[in-house]
1. Taking segment 79-118 as the region of interest, how many residues are surrounded by 13 or more Cβ atoms within 10 Å (Cβ to Cβ) and either modelled with pLDDT under 80 or among the β-branched types (Val, Ile, Thr) (or both)?
2. Looking only at segment 18-72, how many residues end up being basic (Lys, Arg), outside any helix (DSSP H, G or I) and touching a residue at least 24 places away in the same chain (Cβ under 8 Å)?
Amino acid sequence: MSAALRLKNSGGNIQKLQTINDEILGRADVGKCTMDDALTLYNSPALLFPLADMLRKKAVGDVVTYVINRNLNFTNMCVGTCKFCAFRKDDGFILSIPEILDKIRDAIKINATEVCIQ
């Protein structure tokens with residue numbers, strides 16, 4: 001019986017839920033999650049969140065880091081008209097190589113740890 005079906009039939013029984021979670025964790029731990037596991041987790045945030053936290057803790061522990069990012073848009077010209085992009089304009093721009101290098105130098109001055117060029 002699939003984990004999703006067993007979860008549905010568990011009636012909220014904590015022991016059954018823990019067994020299902022342990023089985024999925026065992027497969028996730030070795031990179032062998034099945035499509036059924038993924039769907040079970042997708043439909044069960046109460047299982048997904050602790051599992052994700054356990055895997056994160058195993059991978060990186062409790063150390064939290066951050067990056068200082070410079071997102072360098074060398075143009076705002078686009079053929080799309082989606083509403084996602086806040087900077088798109090019909091009268092667009094293209095940065096010159098010297099302008100791009102200036103922006104990279106600015107990123108270095110603020111100790112940027114990465115520059116994303118798009």
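The values are calculated or read from the model by the stated rules, or taken from the named source; none is laboratory data. Every value quoted in this text rests on a predicted model; they were computed, and no experiment measured them. Here Cβ is always computed from backbone atoms with ideal geometry, including for glycine, and neighbour counts include all displayed protein chains.
1. 4
2. Result for segment 18-72: 1.
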